[in-house]
Amino acid sequence: MKMWSGRFKNDIDSRADAFNASLPFDKRLYKHDIMGSIAHCTMLGECGIIPQNEAETICAALSDIFFDIKNGKLAVCDAEDIHMFVEEKLTARVGDVGKKLHTARSRNDQVALDLRLYLRDSVDEINLLLRDLIKTIVDLAEQHTETIIPAYTHMQKAQPTTLAHHLMAYAEMFLRDAERFLDTRKRINIMPLGSGACTGTTFPINRKRVAELLDFDDVTHNALDGVSDRDYAIEYLTDVATVMMHLSRFNEEIIYWASDEFGYIGLDDRFSTGSSIMPQKKNPDMSELIRGKTGRCYGNLMRLLTVMKGLPLAYNKDMQEDKEAVFDAEDTVKACLEIFTAMLPTLRFHTDALETGAQGGFTAATDCADYLVRKGMPFREAHAVIGGLVLYCTEYGKDLSTLSLEEFKNYSTLFEADILNCVKIKNVVYARKIVGAPAPKAVSNEIKRIRKLLPRMFPEKSEEQ
Ligand code: ARG
């Protein structure tokens, strides 16, 4: 018998029942559902809406149900959804008193509350994984502030930089990702209970008290919106998609850097796989899977955006589809962050190949032009002169770093002996000292900055609840 079956003459068709059920996936919300119910019931007792002693009985039983589920003593099955499951177990344990829990509440505001509580924890968990990844990147960067590598634009060699500078670019991205989650958390952390089905309730409930008990920053201020809003879940999925996009770019680089053509990195046996037919193969499957799973996270974002786009106010059952999108995105991004953070320190960077790579492609050309500018030539003119010099090099199979002073002078009389030092790849890197540039000192400053920022952004949690 369904709790809502009073106005029905017949039982639900078993196929419709199964189709309608969300328990197989929303059982994941059991902790947050019970937390929410305990807060709601505590408030009902405090406000005298139900007798205090009954509220205490209900809360104690809810707490027992939580521990029984957690310890595997109570299997979560045979109910329409997690909200019905908990209430049915409650009533089975404490009798008719349990039937008072749902006073002044609807499943519509209940599910909104559960998802907000769940996502709030999830954001905190993902941010700890982001913190670990950023720390790992920064540690690795610290070892490579002087490892010279080529920087590319259009996949063509552009200018030399350092491995630390390259790695720290990703540290910046993941820091922004963590900030984005913290910002989304502000909008998640608003308490919707009291919205009822869609217009609140006639009972004199204390919504602020529930918010306080559950550590929310505020209550929602429109009951229709309180049960209809899934913006916070869409924002969460956007944040996940952005992390995945960054991970995917990083892994794309690892994949081709590990190719025979580039030969910039060697993959560790523990994080690569072989081929069933080609005995020589060592494949970057972890990186490829991360790149591939980015697609499913984008899909989850698109999935919820599409679910929501045509829905009139207020709650519609379509919205039950929100949970699997969110859970799948959460599982995927967590798994990717974990595996990548474990794999990253195992990569072997072939520093000689990287430096040789930085030598080729006339990567000191900008510095030659800048040299002439310092001697008084307008930049556009200098650009053209060095363009001619590069053309000369390509025609005669030469490199800027091996040209003689005479050859330089053939292109401009402003060149003097110090140009030969200026084009040395190491000097090209070290000359870029400004904030954000690759000179070892500049990158070390950023490493220090991020090291200081991390404990402030992610304060250690006092305890696990
Ligand atoms: N299982 C539902 C969901 O996930 C809970 C809310 C149901 N509300 C309702 N009026 N049927 O959205």
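Please treat every number below as a calculation from the coordinates, not as lab data. Being a predicted model, the structure only gives us computed values, none of them experimental. Here Cβ is always computed from backbone atoms with ideal geometry, including for glycine, and neighbour counts include all displayed protein chains.
Taking the square roots of five times each eigenvalue of the Cα gyration tensor of segment 182-279, the equivalent ellipsoid has semi-axes of 51, 13, 12 Å, listed largest first. Over the Cα atoms of segment 230-277, each weighted equally, I'd like the Debye log10 I(q)/I(0) at q = 0.26, 0.28, 0.29, 0.31 Å⁻¹, rounded to two decimals. Debye curve over Cα of segment 230-277, log10 I(q)/I(0) at q = 0.26, 0.28, 0.29, 0.31 Å⁻¹: -0.96, -1.01, -1.03, -1.07.
Based on the convex hull around the alpha carbon atoms, segment 370-444 presents an average projected area of 5.5 nm². Strictly over 19 Å apart at the Cα level, which of Lys31/Lys323; Lys157/Lys424; Lys409/Lys433 would you flag in this model? Too far apart for the 19 Å limit: Lys409/Lys433. Loop exposure criterion: GluC sites (Glu not before Pro), DSSP state outside H, G, I, E and B, at most 11 other Cβ atoms within 10 Å. Applied to the chain, the longest stretch between such sites is 1-260.
In the structure shown, the pairs Lys334/Lys441; Lys2/Lys100; Lys27/Lys186; Lys9/Lys89 are assessed against 28 Å; a Cα-Cα span above that value is assigned to Lys334/Lys441. Report the local net charge at Lys309: Lys and Arg +1, Asp and Glu -1, summed over other residues whose C-beta lies under 15 Å from its C-beta. Once positives and negatives cancel, what remains is -3. Using alpha carbons only, the radius of gyration of segment 15-119 set against its Kirkwood radius gives Rg/Rh = 0.96.
Classification of segment 124-174 by its C-alpha gyration tensor yields an oblate form. The axis ratio a/c (a ≥ b ≥ c) is 1.5 or more, and b/c is at least a/b. Taking Cα atoms only, the orientation of helix 52-70 departs from the longest principal axis of the chain by about 50 degrees. Computed from phi, the 3J(HN,Hα) profile of segment 104-121 under the Karplus parametrisation 6.51, -1.76, 1.60 (θ = phi - 60°) reads 6, 8, 10, 5, 5, 7, 5, 5, 5, 5, 4, 5, 5, 4, 5, 5, 4, 5 Hz, with x in place of Gly and Pro. Helical runs assigned H by DSSP (4 residues or longer) give the chain a calculated mean residue ellipticity at 222 nm of -20000 deg cm²/dmol, each run adding -39500 (n - 2.57) before division by the residue total. Entry for the chain at q = 0.06 Å⁻¹: log10 I(q)/I(0) = -0.42, Debye formula applied to identical alpha-carbon scatterers, no solvent contribution. Near the amide H of Thr162, within less than 5 Å, lie the amide hydrogens of Ile149, all on another chain or at least 5 residues away, with H placed in the peptide plane. Treating only the Cβ of Lys, Arg, Asp and Glu as charged (+1, +1, -1, -1), what charge dipole size does segment 135-270 show about its Cα centre? Round to the nearest 20 debye. In debye, rounded to 20, segment 135-270 gives about 580.
Remark on segment 306-447: Rg and Dmax equal 26.2, 79 Å (Cα only). Averaging 1/r over each pair of different alpha-carbon atoms in segment 77-153 and inverting the result gives 17.2 Å, the Kirkwood hydrodynamic radius. In a fully extended conformation the segment linking Thr103 and Phe25 would gain 25.5 nm over its present Cα-Cα distance, using 0.36 nm per residue.
Which of the chymotrypsin sites (Phe, Trp or Tyr not before Pro) across segment 262-313 are loop residues per DSSP, with 13 or fewer other Cβ within 10 Å? For chymotrypsin sites (Phe, Trp or Tyr not before Pro) across segment 262-313 that sit outside H, G, I, E and B with at most 13 neighbouring Cβ atoms in 10 Å, the list is empty. Each residue in Phe362, Phe379, Phe25 was given a count of other beta-carbon atoms within 10 angstrom of its own, and listing them fewest first yields Phe379, Phe25, Phe362. Converting phi to 3J(HN,Hα) with the Karplus coefficients 6.51, -1.76 and 1.60 and the offset θ = phi - 60°, segment 28-45 yields 4, 8, 4, 4, 6, 5, 5, 4, x, 5, 5, 5, 4, 5, 4, 5, 4, x Hz in sequence order, with x at every glycine or proline.
Taking amide H atoms as placed 1.01 Å from N in the peptide plane, the amide H of Lys157 has no partner under 5 Å among residues 5 or more positions away or on other chains. Computed from the C-beta positions of Met155 and Ala92, the FRET efficiency with R₀ = 60 Å rounds to 0.40.
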